[in-house]
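Computed from the coordinates by the stated procedures, all read-outs in this text should not be read as laboratory data. Remember, it's a predicted structure, so these values are computed and weren't measured experimentally. All Cβ positions, glycine included, derive from the backbone under ideal geometry; neighbour counts span all protein chains shown.
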Amino acid sequence: MQEKKIKVVIVGAGFGGIALAKALRKSPVDVLLIDQHNYHNFQPLMYQVATGGLEPGSIAYPVRRIFRYNKNITFRMGKVREVVPSENLLKTNIGDIPYNYLIIATGSQNNYFNFEPVRDRLLALKSIPEALNMRSFIFQNMEKALANIDNEPLEEIMNIA
Ligand SMILES: Cc1cc2nc3c(=O)[nH]c(=O)nc-3n(C[C@H](O)[C@H](O)[C@H](O)COP(=O)(O)OP(=O)(O)OC[C@H]3O[C@@H](n4cnc5c(N)ncnc54)[C@H](O)[C@@H]3O)c2cc1C
């Protein structure tokens, strides 16, 4: 009878999660990598997407492709909602996932440093949809400035901080 392997679950296919899964490729464990997206987002190049220098596809790489030759690594797309440590269980939108070892590599969130009141008026840059929002906002303002039909003060729409 085949021995049941230890199950390591890694939440997050960012830099941290991918690096750990790669390090475990030759270990005698079963690795389940789970992320809410099925692609790895290369965040350092997000500025280029937001400013039109790169297309989103250039900074999003399919996670399954990274591990296609690694039999002990499985990827699932899903969002983790809760961890139940007493039961070694993850609650996700694709069902419950048991684990022996759990690694949470879910990155970070934006910090508004107490500027919460203006939060809704700021453009974030932590995901590809946000980069595309920013790109659209900048390009629309450029077009507006070029046409300047309403004689708007250009500084307000051209200045980017
Ligand atoms: C615009 C920008 C530019 C940057 N430029 C640089 C740079 O030039 N050099 C540098 O060293 N660093 C840079 N960084 C920082 C670097 O990208 C981060 O430090 C790094 O991505 C952190 O890695 P991580 O694995 O901790 O998290 P992340 O890479 O953020 O990965 C976290 C993963 O967890 C997933 N996740 C989160 N919550 C859940 C959930 N509940 N369920 C399932 N999945 C979930 C996310 O989808 C994501 O894939 C930049 C960051 C940004 C935003």
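Here the gap between residue 100 and residue 38, fully extended at 0.36 nm per residue and compared with their Cα-Cα distance, gives a gain of 20.0 nm.
In segment 1-54, what trypsin sites (Lys or Arg not before Pro) fall in a loop by DSSP, with at most 15 other Cβ atoms inside 10 Å?
Here the trypsin sites (Lys or Arg not before Pro) that fit, given the DSSP loop and packing criteria, are 4, 5, 25, 26.
With neighbours defined as other Cβ atoms within 10 Å of a residue's Cβ, the residues 34, 94 order from fewest to most as 94, 34. Just to be sure I understand the curve: with the Debye formula and one point per C-alpha of segment 21-94, what is log10 I(q)/I(0) at q = 0.25, 0.27 Å⁻¹? The calculated log intensity ratios at q = 0.25, 0.27 Å⁻¹ are -1.10, -1.15. Computed from the alpha carbon atoms alone, the convex hull of segment 1-45 holds 79 Å³ per residue.
Seen against the Cα atoms of the chain and their longest principal axis, helix 128-147 is set at about 10 degrees.
Using R0 = 41 Å, the C-beta based FRET efficiency linking residue 89 and residue 55 works out to 0.55.
The ranking of 96, 35, 30 by Cβ neighbour count inside 10 Å, starting from the fewest, reads 96, 30, 35. For residue 147 and residue 79, the difference between the fully extended length at 0.36 nm per residue and the C-alpha to C-alpha distance is 20.1 nm. Using the alpha-carbon positions of the chain, Rg (one decimal) and Dmax (whole number) come out as 20.8, 79 Å.
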